[in-house]
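Chemist: Can you read through this structure? Questions will come right after.
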Amino acid sequence: MRTNKPDRPSLELDDYSGDFVPDLHLSDFSKEGLMKLVEVGGSIYGAVNRQWYKEAIKRFGQEVADEMHHEAWFADGGAGDHENFTISTLMGFADEDAETSAMKVWQCLPAMSTRMTLTFEQKGDQEWEMHTPQCDVPETGEREGPEVMDYMCNEICGHLELFGFRHGAARWNEKIRIDPKKLPPRASKDEPHCRWRIAMSEERVDYASEPGEYVSEHGLERETDKDIVNYEAGKYSQKDK
């Protein structure tokens, strides 16, 4: 990370209109300007994910594209690991292993923090509910039509998010259980797009054997669910290492 600062006061730029600054550094931006740069980053890597996946479908077909999509995100050392390792290390919580560790990652992800509103409500001891009153993923589908909505619901909400939340949480602690209570599309704009339950269980979670009521009801089980229980438990947490 480039952290060196110029030998002058910060310019406190809210944007980059006006003169070119030859020795520009991130420290020259105001809080508002930095938030815009985070939004830029989140938008770009969301677009990259969609575009390479669409190109893979064109070249190799849906089945191969889906396999590549899954491997790119969830293989050992894949994009999911990179997100979790990088965020927890830079933001100082790599020594944690609570159910909230995964939730902290979601709050800090550029593609999530700038494109959706995550609302958390504690329901009990080590039990939470998260819902999204605003989310650019299904809202893009609402704006652009059925084909885009199908991609958003099936490849993002019902796969990357569902499997990704569970995969990531298992790497923090094998006893964290995450279940969707509602996924897009929504019936009314007055509804949140999705609802999730996040809780610490007494035993190691096995989604292949116990996929959860909503997942079973909506046919969201995947062959790869059996792999989650085999991922290295506690891989992300550096506690006592």
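Chemist: Can you give me the distance in nm between label points at V148 and S188, each placed 7 Å from the Cα along the Cα-to-Cβ direction?
Modeler: Once both label points are built, they end up 2.5 nm from each other.
Chemist: Could you tell me whether region 82-122 comes out rounded, prolate or oblate from its Cα gyration tensor? Rule is a ≥ b ≥ c as square roots of the eigenvalues, rounded for a/c under 1.5, then prolate if a/b exceeds b/c, otherwise oblate. Could you put the intermediate results ahead of the total?
Modeler: Values: a/c = 2.79, a/b = 1.22, b/c = 2.29.
Oblate, because a/c is 1.5 or more while a/b does not exceed b/c.
Chemist: Distance in nm between label sites at L37 and E210, each 7 Å beyond Cα in the beta-carbon direction?
Modeler: About 4.5 nm, to one decimal.
Chemist: Mind ranking 159-169, 139-149 by how tightly packed they are, going by the mean number of other C-beta atoms within 10 angstrom, highest first?
Modeler: 159-169, 139-149
Chemist: Any chance you could run the full-extension gain for E63 through E12? It's 0.36 nm times the residue separation minus the Cα-Cα distance, nm to one decimal. Could you put the intermediate results ahead of the total?
Modeler: Numbers: separation 51, 0.36 × 51 = 18.36 nm, distance 4.86 nm.
Between E63 and E12, full extension yields an extra 13.5 nm.
Chemist: Rounded to the nearest 10 degrees, what's the angle between the helix 62-74 long axis and the longest principal axis of the chain, both from Cα atoms, 0 to 90?
Modeler: 70 degrees
Chemist: Taking the number of other C-beta atoms within 10 Å as the exposure measure, put Y53, Y45 in order starting with the fewest. Each step should come with its number before you reach the end.
Modeler: Details: Y53 18, Y45 15.
Arranged by neighbour count, lowest to highest, Y53, Y45 become Y45, Y53.
Chemist: Please give the Cα centre distance for region 18-76 versus region 84-113, rounded to the nearest Å.
Modeler: Computed from Cα coordinates, the inter-centre distance equals 18 Å.
Chemist: Additional query: Which of the pairs K123/K175; K123/K189; K5/K31; K123/K182; K123/K181 have their Cα atoms more than 22 Å apart in this structure?
Modeler: Numbers: K123/K175 17 Å; K123/K189 25 Å; K5/K31 16 Å; K123/K182 17 Å; K123/K181 14 Å.
Result: K123/K189 exceed 22 Å.
Chemist: Any idea what Rg and Dmax come out to for region 101-241 if you just take the C-alpha atoms, in Å?
Modeler: 15.1, 50
Chemist: At most 10 other Cβ atoms within 10 Å and a DSSP loop assignment: could you name the GluC sites (Glu not before Pro) in region 1-97 that fit?
Modeler: Details: sites: E12, E32, E39, E55, E63, E67, E71, E83, E96; in loops: E12, E96.
Qualifying residues, ordered by number: none.
Chemist: Run the numbers for K5 and S113: contour at 0.36 nm per residue of separation, minus the present Cα-Cα distance, in nm.
Modeler: Between K5 and S113, full extension yields an extra 36.3 nm.
Chemist: For region 1-105, rounded, prolate or oblate, judged on the Cα gyration tensor with a ≥ b ≥ c (square roots of eigenvalues), a/c < 1.5 rounded, else prolate if a/b > b/c?
Modeler: On the way: a/c = 3.11, a/b = 1.54, b/c = 2.01.
Oblate shape, in that a/c is at least 1.5 and b/c is the bigger or equal ratio.
Chemist: Between L90 and S201, what is the spin-label point distance in nm, taking each point 7 Å from the Cα along the Cα→C-beta axis?
Modeler: Distance between the two pseudo-spin positions: 3.3 nm.
Chemist: In degrees, nearest 10, range 0 to 90: what is the angle between the Cα axis of helix 31-60 and the longest Cα principal axis of the chain?
Modeler: So the helix axis and the longest Cα principal axis differ by about 50 degrees.
Chemist: Over the chain, what is the relative contact order in whole percent, taking alpha-carbon pairs under 8 Å and six or more residues apart?
Modeler: Values: 318 pairs, mean separation 41.0, N = 241.
Reported relative contact order: 17 percent.
Chemist: Specify the angular offset, from 0 to 90 degrees and rounded to the nearest 10, of the alpha carbon long axis of helix 79-90 from the longest principal axis of the alpha carbons in the chain.
Modeler: 50 degrees
Chemist: So what are the ³J(HN,Hα) numbers for region 131-148, from phi and the Karplus equation (6.51, -1.76, 1.60; θ = phi - 60°), rounded to whole Hz, Gly and Pro as x?
Modeler: Here the 3J(HN,Hα) series is 9, 10, x, 9, 7, 5, 5, x, 5, 5, x, 5, 6, 9, x, x, 5, 5 Hz.
Coordinate-derived values only; no laboratory data. Quick caveat: nothing in here was measured; it's all calculated off a predicted structure. FYI the Cβ positions are ideal-geometry reconstructions off the backbone, even for glycines, and counts take in every protein chain you see.
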